[in-house]
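Take a look at the structure below.
The values are calculated or read from the model by the stated rules, or taken from the named source; none is laboratory data. Treat the numbers as computed from the prediction; the structure is a model and nothing was measured. Ideal geometry is used to build each Cβ from the backbone, glycine not excepted, and the neighbour counts take in all protein chains shown.
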Amino acid sequence: MTEPLLSVRDLKKHYPIRKGLFNRQVGAARAVDGISFDIEEGETLGLVGESGCGKSTAASSVIRLEEPTSGEVVFNGNGRGSASRNPDGTHPNDVTEFDDDELMQFRRGAQMIFQDPSSSFDPRMSVGSAVGELLKVHGMSDRHRRRAIVEDLLERVGLSASDFDRYPHEFSGGQKQRIALARALVLNPDLIIADEPVSALDVSIQAEILSLIDDLQEEFGLSLLFISHDMSVIRQICDRVAVMYLGEIVEIGPVEEIFTNPQHPYTEALLSSIPTPDPRASVGGIELKGTVPSPTNPPSGCRFHTRCHKVIQPDGVDIDQDDWRGLLNFREKVITGEIDIDQVRENVAAGGSDPTDSEVRAEIRREFDISETVGDPDLEETLSEAMNLLLDDNAEMAGEFLSDEITTPCAQTEPETTVHAADHESACLRHEGRAAAEPNPADD
Ligand code: SF4
């Protein structure tokens, strides 16, 4: 069996948080928190998620622009071939262990392109010199040979050989991204890591650059790690996709499988946000309320539980799912002290005279999309009691009360990975046990 070109295992990148006179470490921002994936030769793997989910940090940790905190990144490209492990269990091709010389060799085989091509060029350096610089760094002293290689590459990325002597400011954003591609290709790499390469470009130019990347991938036999927040871009260019949320991969699989049969609620929500050309077409939009929580203090259990539309109800509870989500959102805001009852009163009063308590209660229900009554007498009583405490200016006690009375299994248990089909996995408590009940076709 051939080894993947790139194999990432349990990769972590934590940033220490320091405080006080002695700069003591008091915590860590877990930007990337144990991700694993493979990229085969000639394959494009997409890494998708909202801004702040850790995908760019993952990319720069893979290529060691940032030092990973732990984990393994095995790169079998660049003529290294496959190799067995050392007696101590480490891998001789583990990028995280490379010394400076090995790292330089590795970077011949793995290149990165970035979102903003403008900032990655020295304005005083001609385009030809910028693209050819790496050839010089890697020992090609023959100026004429360098020029011939660069001119050829400029033509292959859709520019002209005569652009060699021009300067970056003479090119548009799309053209600069073409130059960035030429520069990434100049050492004939096996892998390109592209971090949001089209998101700063106009939609019409995006399509051109994506099509160019596709063509170049075929022509040069490249593998790609393609990072994007945009599911429609991922669908155009990727073979497989890994969905990232708050430092973790929550679902990974072939791109068509993920688009037609998403398993993780977060993937469903990302897919439902893709705009359709027909404004009348319903895509069943799932609104993800709130921002991605901080990686400094990720939620317990499943990290998505604070926003998940399918968050699980406890045993014995069976209410409308929107009410359940609303109740949990209300609970969270009360616990964090974010409900200012005087402000709610003022908002209601803006419509006329002083509001009654029942008007304030109704306003809170409206704010959190909770029905007039939730279909469970015990929960209804809990909600009512919490609102009483808020109305009595006892927000702290209301938080403690709700924290004791309302909870979800998703906040208590970290989901394990479930295999759905060949190469398709996700991590959600709703799926656990399903794999055993539904045989994996890959085992046939
Ligand atoms: S474990 Fe719970 S919160 Fe997490 S994705 Fe599944 S249903 Fe949603």
(Q) List pairs: first residue in the range 362-377 and within 10 Å of residue 326 (Cα to Cα), second residue of a type in the set (Gly, Ala, Ser) anywhere in the structure, Cβ distance under 7 angstrom, at least six positions apart or on different chains. (A) 368/326; 369/326; 370/326
Q: Name every residue in the range 289-308 that is more than 14 Å from the ligand (Cβ to nearest atom) and of a type in the set (Gly, Ala, Ser), in order of residue number.
A: 294
Q. Which one of the conditions (1) outside the structural domain of residue 154 (by TED's automatic domain parsing); (2) more than 26 Å from residue 338 (Cβ to Cβ) does residue 295 fail to meet, given that it meets all the rest?
A. (2)
Q.
Considering only the range 254-264, I want to know if a residue exists there that is within 16 Å of the ligand (Cβ to nearest atom), under 23 Å from residue 73 (Cβ atoms), in contact (Cβ under 8 Å) with a residue 40 or more places away in the chain and not assigned by TED's automatic domain parsing to the domain that holds residue 109.
A. no
(Q) Show me the strands (runs of 3 or more DSSP E) found entirely inside the range 1-91 where at least 1 residues are among the aromatic types (Phe, Trp, Tyr). (A) 6-19, 24-39, 70-75
Q) What residue, among those in the range 421-444 that are within 16 Å of the ligand (Cβ to nearest atom) and assigned to a loop (DSSP other than H, G, I, E, B), is modelled with the lowest pLDDT? A) 433
Q: Return the pairs, sorted by first residue and then second, in which the second residue is of a type in the set (D, E, K, R), the first residue lies in the range 314-330 and is farther than 19 Å from residue 362 by Cβ, the beta carbons are less than 8 Å apart, and the residues are 6+ apart or on different chains.
A: 317/376; 318/376; 321/310
Q) in a helix (DSSP H, G or I), assigned by TED's automatic domain parsing to the domain that holds residue 198 and crowded, with 17+ Cβ neighbours inside 10 Å, is that true of residue 159? A) no
Q | Residue list for the range 378-418, filter: within 16 Å of the ligand (Cβ to nearest atom) and either in contact (Cβ under 8 Å) with a residue 60 or more places away in the chain or under 17 Å from residue 344 (Cα atoms) (or both) | A | 406, 407, 408, 409, 410, 411, 412, 413, 414, 415, 418
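This table checks each residue for (1) in contact with a strand residue (DSSP E or B) (Cβ under 7 Å, 6 or more places away or on another chain); (2) of a type in the set (Gly, Ala, Ser); (3) not in a loop (DSSP other than H, G, I, E, B).
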| site | (1), (2), (3) |
| --- | --- |
| 175 | no, no, yes |
| 180 | yes, yes, yes |
| 194 | yes, yes, yes |
| 198 | no, no, no |
| 207 | no, yes, yes |
Q. Does any residue of the range 186-202 turn out to be more than 30 Å from residue 73 (Cβ to Cβ) and at pLDDT below 95?
A. yes
